[in-house]
Amino acid sequence: MTDRADVYNPGAIESRWQDKWRNAGGGKGDAQGSPYYLLEMFPYPSGRIHMGHVRNYTIGDVLARYLRAKGHDVLHPIGWDAFGLPAETAAISRGVSPAKWTRENIETMKGQLARMGFSYDWDRELATCDPAYYRWEQLFFLQMLEKGLAYRKKARVNWCDQCGTVLANEQVNDDECWRGHSPIEQRDLDQWFLRITDYADELLEGLETLDGWPEKVVTMQRNWIGRSTGVEIEFDLEPTGDKLTVFTTRADTLFGATFVSLAAEHPLAARLAEAGDRQCEVDEFVDDTISMSASERSQGKEGVFTGCYAVNPVNDRRIPVYLSNFVLMEYGTGAVMAVPAHDQRDFEFAESHGIPVEVVVEPVSGERLAAPLSEAFVEDGVLRDSGEFTGMGSADARKAIAAKLASQGKGKEVVNYRLRDWGISRQRYWGTPIPVVYCDACGVVPVSEDQLPVVLPTDVALLEGGGSPLPSLDDFVNVGCPACGAQARRETDTMDTFVESSWYFLRFTSPGESRTPFDSEQLSRWLPVDQYIGGVEHAVLHLLYSRFYTRVLRDLGWLEVSEPFTRLLTQGMVIKDGAKMSKSKGNVVDPDELVQRYGADTARLFSMFAAPPDKDLDWSDRGVEGSYRFLSRVWRLATDVIAGCDSPAGDPGDTALDDAQRTLRRITHDTIRRVSTDIGERMHLNTAVAAIMELVNAISAHRESTGQPADDVTSFATATMLQLLFPFAPHVTSELWERWAATSLESEPWPVLDSSALVMDTIEIVVQINGKVRSKIAVPAQISKDDLEELALADDRIVGLLGGKQPRKTVVVPGRLVNIVA
């Protein structure tokens, strides 16, 4: 590329503007303006940004620049989700410490983000691996421990062998860990948990207030919390005499229960096997089942008879008790009554084990269900063969049966949740130390608050197998007990990295505060986050945890808000060759190479124009080239206009304009309306770019048709175009503006819409004959229906086509068309 003024050369201008913005301390709004907290999910410092980062952060930057121009005081920070397994794994393979690897990556990625022209407030930068950050996380943990919201217990947990650590339930999907490893094992380990279940109802109810969230995300969280109302029913067991409590949401089917299923881990399993003389068969089944993943068990239909029976409390019927691999101890009571006629999994289990199938609910249509059934009837209906409840509808029967069981002391209505407490212990090194010690005399003892932070040692030798080196570090492990002073052992598990990301957005409000985690005035000014932007893959991970953590900190007295994010945009993925970009698929586009060839503004513009923000973007090299050509065209057009005008013209108003000028002014104001709506209300950034492109076409057409390269309307339209394009392509627009005006484009207010300019004196009407377009006519905008019909029928082309025939009917749609039925 050359340095000629009439040739667009991004390499010659972008670095200069990035230096200017950095030296000016950019990324801040007008402190006198109304506050607006805008945040994209902060990145993991993996080493280099990818096109997904470019798209995500460009969306945020477009909105930030627009809001500043509208006069808002915009908080737009950036930081680093710096702890985690990937850094540890990469450091082992490279023979360096995770701390060194992470810090180097942060510096590399900071440079890449700066080269994209993102307007962050870098004064608020934070990294979660800094002791100054995680000291407060440790304080929150101690306060949760004191309140009973953090606890330790032995539990069956998800274990990923490749990660070498425990995973929370939310981090496992279809027998894969959230990083794509499989299979997931089940192990019994002592773990630390946070009582997210204490907030299940509030988290569920809060979803109803999130009008600014995608319904898909709200539904995913609602389903994950999984609230179900049902009845706990007590069955007597024979011959042991024990009581067995089962949970069901279908008490209306109780008369059709033909067996009971228990989880393999149920505390009564061994006792029943012994009483039924089935120890060998049961022990073998239990060993096989507990080695299965939760996903495998949920698909299972295997079981073993214990040799014992349960007595149905409503009809005294003895039914066999089985252990079944699809029953999980974590849900309900770990025992379910099985009704094969009205539950498909029970039906398939019964068929494979020769258990009777008895219909007790039939369709409301009156259809009689006759044996043998081909499948279970699972809908609500009308009860049959159910004693005094026969003939009742399912909903009424559920209430009536529950009431009778309660009166007999055999049952009660309860609410259950799919949600389980959040296991935060990780058997890895690179994470926040859990601030407790273990003393033989005192048990679990919290570290004193004045001893925080418990600092993670960074000068350590990592283990080749991936295990944590912390247990072997005597200086770290061996400490005095805070309670009695005796020798004690420090906890060597670290916290799940999702803990750090559950509150980072709060710390951004006062990241330099050293005496307390938050400045209360800053919290009041900025919270909640007005607009949050990130991937839908975090719907039941980060987003759910953040909602929980915000409520916990509220109840601990740190916050006043309950919901952290008012609006949420989940951006789509970047797709190339039919698949998400990834190194393993060989379809990655390097942002640095793209910027070097076309410039950052081209990369930004393409990533906004190619698809709506919430949809997947299909990569197109031709599309990138098209965006570059458009910016080159803007450069040439603006350069020509600037050469003919001393400074940008303001709105010339409507007086003394000819028709061509009035049309261009109207198009300019209509573009202001469209772009403002598309950015500020709809977040349809692709159509905002399309509107700007149409304005460029209109300016060019006006100049060509009038032969006037730079009249006042052209100057006004060009200046407006640069202002509207600025959030998308800040470098090229700033450069052109500086060559034209005495002010900085970044300090210019957003263009003001004159709604009166949108009113058209004349409009174009389509004239159809029998539904086919035959002509177009220009008519006064306020023309009446009768006059419009008269003009359409008088049009020369229509007269000729009708050939003297009288229309059978004429349909007039004001402002749009006239259809003549011949």
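Laid out as a table, the results:
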| item | result |
| --- | --- |
| Matching entry among Arg633, Arg567, Arg547 (being at pLDDT 95 or above and out of contact with any Gly (no Cβ under 7 Å at 6 or more places or on another chain)) | Arg633 |
| Answer from Ala376, Ala397, Ala402, Ala350 - the residue that is part of a helix (DSSP H, G or I), in contact (Cβ under 8 Å) with a residue 24 or more places away in the chain, open to solvent by less than 30 Å² (accessible area, probe 1.4 Å) and closer than 26 Å to Gly303 by Cα | Ala350 |
| Criterion (within 23 Å of Val414 (Cα to Cα), of a type in the set (D, E, K, R) and surrounded by fewer than 16 Cβ atoms within 10 Å (Cβ to Cβ)) met by exactly one of Glu208, Glu234 | Glu208 |
| Filtered residue count, the range 246-265, keeping only those that are within 11 Å of Gly230 (Cα to Cα) and open to solvent by less than 10 Å² (accessible area, probe 1.4 Å) | 3 |
| Some residue of the range 509-516 being in contact with a helix residue (DSSP H, G or I) (Cβ under 6 Å, 6 or more places away or on another chain), in contact (Cβ under 8 Å) with a residue 12 or more places away in the chain and either open to solvent by 30 Å² or more (accessible area, probe 1.4 Å) or acidic (Asp, Glu) (or both) | yes |
| For Cys439: the one exception among (1) within 36 Å of the chain's Cα centre (by Cα); (2) of a type outside the set (Asp, Glu); (3) over 24 Å from Gly164 (Cβ atoms) | (1) |
| The range 379-394 - residue that is in contact with a strand residue (DSSP E or B) (Cβ under 7 Å, 6 or more places away or on another chain) and outside any loop (DSSP other than H, G, I, E, B) and, of those, nearest to Val414 (Cα to Cα) | Ser394 |
| Among residues of the range 749-773, those that are assigned to a loop (DSSP other than H, G, I, E, B), out of contact with any Ser or Thr (no Cβ under 6 Å at 6 or more places or on another chain), in contact (Cβ under 8 Å) with a residue 60 or more places away in the chain and of a type outside the set (Val, Ile, Thr), counted | 6 |
| Residue identified as hydroxyl-bearing (Ser, Thr, Tyr), under 30 Å from Leu685 (Cα atoms) and in contact with a helix residue (DSSP H, G or I) (Cβ under 7 Å, 6 or more places away or on another chain) among Ser747, Ser734 | Ser734 |
| Close pairs from the range 12-24: first open to solvent by less than 50 Å² (accessible area, probe 1.4 Å), partner not small (Gly, Ala, Ser), Cβ under 6 Å, at least 6 apart | Ile13/His731; Ile13/Glu735; Glu14/His731; Trp17/His731 |
| Subset tally (residues that are in a loop (DSSP other than H, G, I, E, B) and either under 22 Å from Ile92 (Cβ atoms) or in contact (Cβ under 8 Å) with a residue 12 or more places away in the chain (or both)) for the range 456-496 | 24 |
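Matching residues to (1) out of contact with any Asp or Glu (no Cβ under 9 Å at 6 or more places or on another chain); (2) touching a residue at least 60 places away in the same chain (Cβ under 8 Å); (3) surrounded by fewer than 23 Cβ atoms within 10 Å (Cβ to Cβ):
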position	(1), (2), (3)
His669	no, yes, yes
Asn697	yes, no, yes
Ala710	no, yes, yes
Ala729	no, yes, no
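The values are calculated or read from the model by the stated rules, or taken from the named source; none is laboratory data. This is a predicted model, so every value here is computed, not measured. As a convention, Cβ positions derive from the backbone with ideal geometry for all residues, glycine included, and neighbour counts pool all protein chains shown. Areas reflect the complete protein model, heavy atoms only, side chains present, ligands, DNA and RNA absent. Shrake-Rupley method; radii C 1.70, N 1.55, O 1.52, S 1.80 Å.
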